[in-house]
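A.B. asks: I am attaching a structure below and will ask some questions about it afterwards.
The values are calculated or read from the model by the stated rules, or taken from the named source; none is laboratory data. Everything numeric in this text was worked out from a predicted model, so none of it was measured. Cβ coordinates were reconstructed from backbone atoms using ideal geometry, including for glycine residues, and neighbour counts include every protein chain displayed. Side chains are part of the model used for accessible areas, which takes the heavy atoms of the whole protein and leaves out ligands, DNA and RNA. Shrake-Rupley method; radii C 1.70, N 1.55, O 1.52, S 1.80 Å.
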Amino acid sequence: MEPMELDRETSKGKEEEGEEGQSIIDKRKPIVVIMVGAPGSGKSTFCDHVILASSQTWIRICQDTIGNGKAGTKAECIKSAANALKEGKNEFIDRCNIDREQRADFLKLGGPDVQKHAVVLDLPAKLCITRSVKRTGHEGNLQGGKAAAVVNRMLQKKELPKLNEGFTRITFCHNEKDVEAAINTYSALGPSDTLPSGCFGQKNPEAKVQLGIMKFLKKVDVPSKDGLAKSNPQSCSHNQTSAEKDSNPKMLENDSAPLEHVQLDVKDCVHQEMGPSSGSIFLDSVPTLAFPSISTADFMFDLDKASDIIVEKVEEFVNKLGGGRLVLVDLSHKSKILSLVRAKAAQKNIDSMKFSTFVGDITRLYSGGGLRCNVIANAANWRLKPGGGGVNAAIFSAAGPDLESATKERAGSLAPGKALVVPLPSTSPLSIKEGIAHVIHVLGPNMNPQRPNCLNNDYVKGCKALREAYSSLFEGFASILSTQGWLSKESNEKSLNSQDQLEKNHSDSDQKVKREALNEYEGSKKSKVFLKELRPDFSHSMDGKDNIENRSNVEPLNECEREINAKGSLKELRPSVSHSIGRIDNLSSRDDTGINKAWGPWAQALYQIAMHPERHINDVREILDDVVVLDDLYPKARKHLLVLARVEGLDCLADVHKEHLPLLRAMHAVGLKWAEKFLDENESLIFRLGYHSEPSLRQLHLHVISQDFDSKHLKNKKHWNSFNTPFFRDSVDVLEEVGKHGKATLRDDDSFHSMELRCHRCRSAHPNIPRLKKHISFCQASFPGLLLENNRLVFGPGKGG
DNA sequence: GTTCTAGAAC
DNA sequence: GTTCTAGAAC
């Protein structure tokens, strides 16, 4: 690299000196070169090179060593620099000087008699980090793991110098060649030589002004092979990129950087490289979502199909994300999903600036891999809880309890195909060490028979769910970008809803946040309802029409529950039941008829009794051909019976059709019979017979319940409201509706369970269950007219009616 | 379905 | 401080 051509004035000055016999001071003002650059950018090395090669006297004012070889203060540097200037020495201010304020005091040195230069080592952040992390024996003891954090923090404050700060000359170096050229320029400087004023090697100045926009445009700079520019500032505006790099776009910038540390998969990273001009800007400023491949690990989703979906979804979203970048992460260089995705993304010409793959630990992207991401995705479980292994366990573990609590605040569960954005508290180690600001939980479909809610190779449903999962994930990311002003207006509008959601979560009161979390939870509860409604679909639907979301609650009923069931959690429920429960076939997804079931393990007891009452002889009151009668294990009144239908496939009222009318009549008749039997014993009792619109226990059962509701087991709103709102369907009405329409009207809206508590007699409202119970213990008001009609209530002889 | 319990409500 | 509820856990 040839040194920069020197200004001819200098020679002229020499001649004048000879003629006029002026002192050496007049030859040229001393130069203060303020070095600007992050740790690891090579400032000290730069100075050392010049000092060694130059014929002039240069001294290096280094804050890291100024205190008798140890780190000193800025004030010491200034003092030392001032003294050196008095002696007419040229000097380097070797400290980071990363922002304007840091530089200001040094620019005041020596007044106008001193030339103020800046040399900006604006090298890729990754390179600086790599160097800092790897170096040993650093003067300032900035090395190893902490260096990465320091470099990063410093680069965030970076403020490139401008002439109007007081510099007469600024040289920008963006790569090793620039650095080499600048070293040569300063080394070659003779006693009377002066370097031209102005900015040299600066990238498009607008890039600084509108960093947010420019950094996402593809290579704004036009590479030039010239190395150092000539005296014309224009010509040296950018000179970093060699033809060699251009010819091999797969190479990461800076061949000299020891990239293996950064764990970048250089060899085969079609999508991994930063463009030659991306440098530190890219790394530091681009909002980046790192995400693992969803469902392909433990959930055993076919890799080929998954990679198709990843690329398809990336392609769909990559342009909606404005400045955002997506990075698919996997642990191993041998990752098949990464290579598949890379190949397919390359085929589709997806912009590698916006999507790349990365080999590394998703919890250590920055500290372990130098990849700066502000958002990571978690392959969550439905419970949104730690554990399970893989990415989920790793992320929860690395994030500490903060993530769990932040998650819990927002939602209690997650449906397949859905994502949940969780702002990560700044106290989380993942935030502190890795700079992660958000975690997006996402749940994908499961193809692993050993895991809950297996789709049994149904890739129609599976692919749909996986597509939805990625859409949800990327939308979540977009919502984060939009709140941070990264998205265009159009994009913002697109993600307005999610933005709203986010903003609420961030700014509103705790109560509101909780309410939203509750809504989400309620939403997932609702999906349970759907699940059951759609259950027939499961038996034969290959049309993929069913709502993926519906499956969310299949999972909870399986993974954990299967084992619980085997251990007989229902033992407590009813000792004699447990024996058979332990052998139950069908808490899993299929029963004998091949119909998928959505019932939890706790929900199977009645079904078992109905199917095999002889095994529960101690628990039942009466066994008939078509019904079984038993006491409710947790009676909500003095008398509370259940009349079970002994028909397979009749799980609840929703399953009831016209052909079941005789059975319903039989159930009603048996219920009445028992009510009358109790009335014989205690004529003050009043009974009501009916069904829950959406029962918790499997197998159609008729409640026969006395209206005293005098029971220690009646404990909460749900208990009360399930018997005292339209959620409770009177048997007489069900008979009528099924007779007329072939089905009963269901009132399975969740809202019934949270309705205000009203006395079933006088309709007075009460603030809580204890107060209500106290009230009903003495309220003798007559029942509402509606209940008195149509024999909905069953009274003792000579009463009511 | 129930039990347990944290935290809200009082 | 106690009561009560809602949600998690089972």
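A.B. asks: Got a number for residues in the stretch A:683-716 being under 20 Å from A:Leu787 (Cβ atoms) and either outside any strand (DSSP E or B) or within 13 Å of DNA strand B (Cβ to nearest atom) (or both)? Lay out the reasoning, then the answer.
C.D. replies: Here is the first cut: in the stretch A:683-716, the ones under 20 Å from A:Leu787 (Cβ atoms) are A:683-693, A:702-711, A:714.
Then keep just the ones that are either outside any strand (DSSP E or B) or within 13 Å of DNA strand B (Cβ to nearest atom) (or both); that gives A:683-685, A:690-693, A:702-703, A:705, A:707-711, A:714.
Qualifying residue count for the region: 16.
A.B. asks: Quick one: count up the residues across the stretch A:655-703 that are open to solvent by 20 Å² or more (accessible area, probe 1.4 Å), within 15 Å of A:Ala603 (Cβ to Cβ) and either in contact with a Gly (Cβ under 9 Å, 6 or more places away or on another chain) or at pLDDT below 95 (or both).
C.D. replies: 4
A.B. asks: Can you tell me which residue within the stretch A:632-648, out of those that are open to solvent by 30 Å² or more (accessible area, probe 1.4 Å) and not β-branched (Val, Ile, Thr), is farthest from DNA strand C (Cβ to nearest atom)?
C.D. replies: Here is the first cut: in the stretch A:632-648, the ones open to solvent by 30 Å² or more (accessible area, probe 1.4 Å) are A:633-635, A:638-639, A:646-648.
Adding the requirement that they be not β-branched (Val, Ile, Thr) leaves A:633-635, A:638-639, A:646, A:648.
Working: A:Leu633: 14, A:Tyr634: 13, A:Pro635: 19, A:Arg638: 21, A:Lys639: 23, A:Arg646: 27, A:Glu648: 25 Å.
Checking each candidate, the answer is A:Arg646.
A.B. asks: Please identify the pairs in which a residue from the stretch A:747-762 that is away from DNA strand B (no atom under 15 Å from the Cβ) has its Cβ atom under 6 Å from the Cβ atom of a residue that is outside any loop (DSSP other than H, G, I, E, B), counting only partners at least 6 apart or on another chain.
C.D. replies: A:Met755/A:Asn721; A:Arg758/A:Ala765; A:Cys759/A:His775; A:Cys759/A:Ile776; A:His760/A:Asn724
A.B. asks: Something else about it: Suppose the filter is within 16 Å of DNA strand B (Cβ to nearest atom) and either open to solvent by 10 Å² or more (accessible area, probe 1.4 Å) or in contact with an Asp or Glu (Cβ under 6 Å, 6 or more places away or on another chain) (or both); does A:Lys408 pass it?
C.D. replies: yes
A.B. asks: Quick check on the stretch A:673-725: of everything there that is of a type in the set (S, T, N, Q) and closer than 20 Å to A:Val647 by Cβ, which residue is nearest to DNA strand C (Cβ to nearest atom)? Show your work before the answer.
C.D. replies: Of the stretch A:673-725, the ones of a type in the set (S, T, N, Q) are A:682, A:684, A:693, A:696, A:699, A:706-707, A:711, A:716, A:721-722, A:724-725.
This time we only want the ones that are closer than 20 Å to A:Val647 by Cβ, so: A:693, A:696, A:699.
Numbers: A:Ser693: 19, A:Ser696: 10, A:Gln699: 19 Å.
Checked the stretch A:673-725; the qualifying residue nearest to DNA strand C (Cβ to nearest atom) is A:Ser696.
A.B. asks: Quick one: A:Leu371 ticks every box in (1) open to solvent by less than 30 Å² (accessible area, probe 1.4 Å); (2) at pLDDT 85 or above bar one, so which box is it?
C.D. replies: A:Leu371 satisfies all of (1) open to solvent by less than 30 Å² (accessible area, probe 1.4 Å); (2) at pLDDT 85 or above except (2).
A.B. asks: Has the stretch A:83-96 got at least one residue that is buried (at least 24 other Cβ atoms within 10 Å of the Cβ), modelled with pLDDT of 85 or more and of a type in the set (Phe, Trp, Tyr)?
C.D. replies: Yes - at least one qualifying residue is present in the stretch A:83-96.
A.B. asks: When both residues are 6+ apart or on different chains and their Cβ atoms are under 7 Å apart, which pairs have a first residue that lies in the stretch A:769-791 and is assigned by TED's automatic domain parsing to the domain that holds A:Asn716, and a second that is open to solvent by less than 40 Å² (accessible area, probe 1.4 Å) and among the hydroxyl-bearing types (Ser, Thr, Tyr)?
C.D. replies: A:His775/A:Ser764
A.B. asks: Suppose the filter is at pLDDT 95 or above and buried (at least 18 other Cβ atoms within 10 Å of the Cβ); does A:His741 pass it?
C.D. replies: Numbers: at pLDDT 95 or above: yes; buried (at least 18 other Cβ atoms within 10 Å of the Cβ): no.
Taking the combined requirement at face value, the residue does not satisfy it.
Here is a yes/no grid of residues against (1) assigned to a loop (DSSP other than H, G, I, E, B); (2) in contact (Cβ under 8 Å) with a residue 12 or more places away in the chain; (3) within 16 Å of DNA strand B (Cβ to nearest atom); (4) touching an Asp or Glu at 6+ places or on another chain (Cβ under 6 Å):
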{"site": "A:Ser356", "(1), (2), (3), (4)": "no, yes, no, no"}
{"site": "A:Tyr366", "(1), (2), (3), (4)": "yes, yes, no, yes"}
{"site": "A:Gly388", "(1), (2), (3), (4)": "yes, yes, no, no"}
{"site": "A:Val421", "(1), (2), (3), (4)": "no, yes, no, no"}
{"site": "A:Leu430", "(1), (2), (3), (4)": "no, yes, no, no"}
{"site": "A:Ile440", "(1), (2), (3), (4)": "no, yes, no, no"}
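A.B. asks: While we're here: Go through (1) open to solvent by less than 40 Å² (accessible area, probe 1.4 Å); (2) more than 20 Å from A:Ser684 (Cα to Cα); (3) more than 16 Å from DNA strand B (Cβ to nearest atom) and name the single condition A:Ile776 misses.
C.D. replies: (2)
A.B. asks: Would you point out the residue of the stretch A:736-793, among those that are within 12 Å of DNA strand C (Cβ to nearest atom) and part of a loop (DSSP other than H, G, I, E, B), that is nearest to A:Lys718 (Cα to Cα)?
C.D. replies: The residue in question is A:Met755.
A.B. asks: Looking at this structure, is A:Leu679 over 27 Å from A:Lys740 (Cα atoms) and outside any strand (DSSP E or B)? Give the steps one after another, and end with the answer.
C.D. replies: Details: over 27 Å from A:Lys740 (Cα atoms): yes; outside any strand (DSSP E or B): yes.
Yes, satisfied.
A.B. asks: Also: List every residue pair whose Cβ atoms lie under 6 Å apart, where the two residues are 6 or more positions apart in sequence or sit on different chains, the first residue falls within the stretch A:705-722 and is open to solvent by less than 10 Å² (accessible area, probe 1.4 Å) and aliphatic (A, V, I, L, M), and the second residue, located anywhere, is in a loop (DSSP other than H, G, I, E, B) and within 13 Å of DNA strand B (Cβ to nearest atom).
C.D. replies: A:Ile705/A:Ala637; A:Leu714/A:Lys636
A.B. asks: Tell me which of these A:His760 doesn't satisfy, since it passes every other one: (1) at pLDDT 95 or above; (2) out of contact with any helix residue (DSSP H, G or I) (no Cβ under 6 Å at 6 or more places or on another chain).
C.D. replies: (2)
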